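Derivation of every value follows stated rules applied to the coordinates shown; laboratory data play no part. Since this is a predicted model, take the numbers as computed values, not measurements. For neighbour counting, all protein chains shown are included, and Cβ atoms are generated from backbone atoms with ideal geometry for every residue, glycine included.
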Amino acid sequence: MTSSEDPTRTEPGGAVEAVPAVVEFRGVEKTFNPGTPDAYTALKDLEFRVDDLPSVGEFIAIVGPSGCGKSTALNLIQGFPDVYPPTRGEVLVRGQRVGGPGRDRGMIFQRYSSFPNRTVLRNVTFGLELNREDLGLSRPEMDRIAREWIARVGLEGHEHKYPHQLSGGQQQRVAIARTLVLKPRILLMDEPFSALDEPTRFEMQRLITGLWREIEATVFVVTHSIAEAVYLGDRLWIFTPPPGRIGRAFNDILPPTHGIDPVDAQTSQQFKDAVDEVVEAFHELQGEAAERR
Ligand code: ADP
């Protein structure tokens, strides 16, 4: 086993230091427009640590009432300039304080994340073009890699179409290919399938869990669908009403669903019981917050 595969690292002098978490939040608060009448604290005391599981990755599903900072938390991991830095606390990715977006992190939004003036092929090569020097890729190599991802997301034959010529589900496939082509270590998905009808949502859930096995990333997915969270999540966090923090964390109540077709998985009694348990916890948290007010 080489040191890069070893989950612990021996420091000179014999001390053993754990490998840094893939993502860690330490006492994070985010207040927008501080000191003004519009001040809004979206997150407060948000603390968590997601360990690096080399060659495995993990799905963390986040649910919570609207306005409790779920998107803000993803944006802080991504290092988006309109959200970063946190008002208090620290956001660390693999032990380093986040300073801005990076190729190790990819984001998939609800919609409109592709460039309307670029074809499917050029949307998918975009990230490769941006990182061309780092990656050392020639134009033919970029096109070949992009075409492979286009095929993986089931869009072979659509390479030269523009986003407006595609259905909502197909556009989301472009967004997925565009993001995964860079093999991000961390994948952030913000309500990725909310705009899609239910059969298309199931298709997307099938696609993303299948592709995830190839990229072995740590995935954070925010969704308003508790069923989707239970299906996708290895872990599921419920955020409290604003200001948001983790109110309940489920690490092992979820039935194992990866590799099981979303329709089959989501119709089992065990799955429905898990959803009921999460729904109940969600309402309890809202009740507790209302009592405190
Ligand atoms: P959630 O995803 O849980 O619904 P958000 O993370 O989107 O919550 O944000 C919570 C609130 O924070 C928003 O409703 C908005 O009022 C405020 N907010 C989010 N981003 C910004 C921003 N860039 N500038 C100012 N306020 C923001």
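Of note:
- Other residues with beta-carbon under 15 Å from the beta-carbon of Phe109 carry, at +1 per Lys or Arg and -1 per Asp or Glu, a net charge of +2.
- Spacing of the two label points (7 Å from each Cα toward its C-beta) at Ala290 and Tyr162, in nm: 4.9 nm
- Using Cβ point charges alone (K and R +1, D and E -1), the dipole size of segment 114-183 about the Cα centre works out to roughly 160 debye.
- Antiparallel bridge percentage (DSSP; both residues within the chain; nearest 5): 50 percent
- For Asp82 and Thr41, the FRET efficiency from 1/(1 + (r/R0)^6), where r spans their Cβ atoms and R0 equals 22 Å, is about 0.85.
- Given charges at Cβ of Lys, Arg, Asp, Glu: the chain dipole, positive-most of Ile238, Val278, Thr36: Thr36
- With a cut-off of 12 Å between beta carbons, the residues surrounding Phe193 carry a summed charge of -2, where Lys and Arg count +1 and Asp and Glu -1.
- Distances between placed amide hydrogens fall under 5 Å for Met107 paired with Leu188, all partners being 5 or more residues away or on another chain.
- Taking every C-alpha pair closer than 8 Å and separated by at least 6 residues, the mean separation divided by the residue count of the chain gives a relative contact order of 22 percent.
- In this structure, Phe32 and Thr200 have a Cβ-Cβ separation that, at R0 = 25 Å, corresponds to a calculated FRET efficiency of about 0.15.
- Per residue Cα convex hull volume in Å³ - calculated over the chain: 168 Å³
- Within the shell defined by Cβ-Cβ distances under 15 Å, the residues around Ile226 carry a net charge of -3, with Lys and Arg each +1 and Asp and Glu each -1.
- For Lys30, the aspartates and glutamates whose Cα falls under 20 Å of its own Cα, not counting residues fewer than eight places away in the same chain, are Asp38, Asp45, Glu47, Asp82, Glu90, Asp190.
- Taking 0.36 nm per residue of separation and subtracting the current Cα-Cα distance, fully stretching the chain between Asp51 and Arg111 would add 18.6 nm.
- Helical runs assigned H by DSSP (4 residues or longer) give the chain a calculated mean residue ellipticity at 222 nm of -11000 deg cm²/dmol, each run adding -39500 (n - 2.57) before division by the residue total.
- FRET efficiency for Glu141 and Glu214, using Cβ-Cβ distance with R0 set to 30 Å, rounded to 0.05: 0.95
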